[in-house]
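> Here it is: the structure, laid out below.
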Amino acid sequence: MRKPLLMIATGLFSLTLFSSAHAETIHFTTEEYPPFNYREGKTVVGATTEQVRKVMTDIGVDYTIDIMPWARAYNQALMEPMTCVFVAAHNEERDKLFKWVQPLLIDRNVLIKHSGSSVSAGNITEARKYLVGTWREDYTEAILRRNNFPRIDVGSDFKAALKKLMSDRIDLMPISEFYFDKLKKEGNAVEKVTLLSQQPMGIACHKDFPGDLLNKMQLALNALIADGTQKQIFLKYGLHLGD
């Protein structure tokens, strides 16, 4: 009887180890970028944050969400196991660096200017003659460099770049078309200049993130897209998704 008992004990021990490994909390990092992710008091809310919370509730896994500067949020997911960053653009440069759950949205990124400035560009080629601002570790820096923009000002975060634009210390900056619409509705003096890029935006998890958890997260996201929940969340935050 010793051998069967030993096999059962070993199996139970292995199952315990498996369960413990998958009971670990998932840590999400993000930046302050309303209406997608931002603080409301001490709570992190927003159109993409709400999707992440819904996904994690549906799969029944513990999680945390922390807001921090984008460069730190991005690098934490790059370096620390069981960590994911959102909302991250899934582009060529990042594809193999992370495991992906997507899309939280399909985003168009546009170049904008401060209203009243003399900046004029009908396409990317014409925009290259201007000083363009972005922020550290944001995917738009890679897009600008890929498109051979010769003058790029890299600031500490999104707010710093926007402040420079509004004070005419930079000529242009890239921004989500969703967020540009929000700025306009709030009465900010900004104007769209030209389209820069279009890409899926999602959750980027550490390269060693457990595959079974990733699959569960993807299936849960697929379900909330399919049943119209994602669209309703965006409408709740005043955002209108294209067909």
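The values are calculated or read from the model by the stated rules, or taken from the named source; none is laboratory data. Treat the numbers as computed from the prediction; the structure is a model and nothing was measured. When we count neighbours, we look across all protein chains shown, and the Cβ atoms used for this are built from the backbone with ideal geometry, even at glycine. Note: accessible area is taken over every heavy atom of the protein model, side chains too, but ligands, DNA and RNA are not part of it. Shrake-Rupley method; radii C 1.70, N 1.55, O 1.52, S 1.80 Å.
> Of the residues LYS207, LYS216, which single one is in the same structural domain as ASN75 (by the TED database), in contact with a helix residue (DSSP H, G or I) (Cβ under 6 Å, 6 or more places away or on another chain) and among the basic types (Lys, Arg)?
Answer to the selection: LYS216.
> What pairs come up if the first residue lies in the range 138-158 and is basic (Lys, Arg), the second is modelled with pLDDT of 90 or more, and their beta carbons are under 6 Å apart, counting only those six or more places apart or on different chains?
Qualifying pairs under 6 Å: ARG151/LEU131.
> Which pairs have Cβ atoms under 8 Å, sit 6 or more apart or on different chains, and link a residue in the range 166-181 that is on the phi > 0 side of the Ramachandran plot to one that is crowded, with 21+ Cβ neighbours inside 10 Å?
As it stands, the answer is ASP168/HIS114, since those pairs meet every condition given.
> Give me the helices (runs of 4 or more DSSP H) completely within the range 124-243, filtered to those with at least 2 residues that are touching a strand residue (DSSP E or B) at 6+ places or on another chain (Cβ under 7 Å) and open to solvent by 10 Å² or more (accessible area, probe 1.4 Å), ordered by residue number.
In the range 124-243, the matching helices (runs of 4 or more DSSP H) lie at 139-146, 158-166, 177-185, 211-226.
> Do any strands (runs of 3 or more DSSP E) lying entirely in the range 21-112 carry at least 2 residues that are hydroxyl-bearing (Ser, Thr, Tyr) and buried (at least 20 other Cβ atoms within 10 Å of the Cβ), and which ones are they?
So the answer is 26-30.
> From (1) closer than 30 Å to MET166 by Cβ; (2) modelled with pLDDT under 95; (3) not polar (S, T, N, Q), pick out the condition that doesn't hold for GLU92.
Failing condition for GLU92: (1).
> Within the range 95-120, take every residue that is among the charged types (D, E, K, R) and closer than 21 Å to PHE158 by Cα and give me the one that is modelled with the highest pLDDT.
LYS113
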